[in-house]
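To start, the structure itself, in structure tokens.
The values are calculated or read from the model by the stated rules, or taken from the named source; none is laboratory data. Here the structure is a predicted model, which is why all the values come from computation and not from measurement. Virtual Cβ from ideal backbone geometry, glycine too; neighbours counted across all protein chains shown. These accessible areas exclude ligands, DNA and RNA; they are computed on the full protein's heavy atoms, side chains included. Shrake-Rupley method; radii C 1.70, N 1.55, O 1.52, S 1.80 Å.
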Amino acid sequence: MTASPWQWALVIVLIVAGLLLAGIAWKMAIGTHQAATESSVLAGIGGGLITGFAVSLSVFFLQHSFEKTQEEATWRANVQLSSRISGFDPHRHSIKDLSFAGKELLDADFSGMDLEGYSFRDAKLHGAVFDDANLRGANFIGADLSEASLRRVNLERALLLSTRMHLTDLRGARYKKTEVNYLTCWPRQFFSTVIRSGGLRPMPKWELGGVTHQAATGVLC
């Protein structure tokens, strides 16, 4: 909630009126003795106006703060309860302690955000934008990042096990001890560059049909 122009105009009028009356009262107080009564009355009126303004302003800010808190709580609850959100954009909200695991966040915008350690496990992030985001230690196990944009992201220690990145834009992405496995699906145009750049850490082993195999760095989508 924001104050309307007429509300701010009224507040300014009250301040000016209070200050003027207080000033007149002060001048009368230092003048003749006969003006003492008038001075007290004017001082009382001026003080009352200023006090009323202060109280009104305090109530306004308290109400505004309460409404913002309620709005944020409602937004967080909706995110936690919703399994599918299109065009998700959390930039004007706090996502602290939220998990996006298993959610369908089509065309989400996480650009430039600090997402270190956040879970996107099994999430559907088709077309999502993570440009310039901090994804250190983020969990993308089983996530679908098809056609997503991860330009210049930090993927240090990120988990890309069984992650699908069909047509994903990984230009400028940084890898350091990034974990992948034989089911990690890389975009064709960046696959050779990613592998040559190093910094990828395949899981040491994987099992299929009860047989243990050596892991690879992924396949082409």
- Item | Selection status of Glu147, within 14 Å of Met165 (Cα to Cα), at pLDDT 95 or above and of a type in the set (D, E, K, R) | yes
- Where residues in segment 159-190 are touching a Phe, Trp or Tyr at 6+ places or on another chain (Cβ under 9 Å) and assigned to a strand (DSSP E or B), which of them is surrounded by the fewest Cβ atoms within 10 Å (Cβ to Cβ)? Asp169
- Message: Pairs needed: first member in segment 98-118, closer than 13 Å to Ala143 by Cβ and among the acidic types (Asp, Glu); second member anywhere, open to solvent by 50 Å² or more (accessible area, probe 1.4 Å) and not in a loop (DSSP other than H, G, I, E, B); C-beta distance under 7 Å; at least 6 residues apart or different chains.
- Response: Glu104/Arg84; Glu104/Lys124
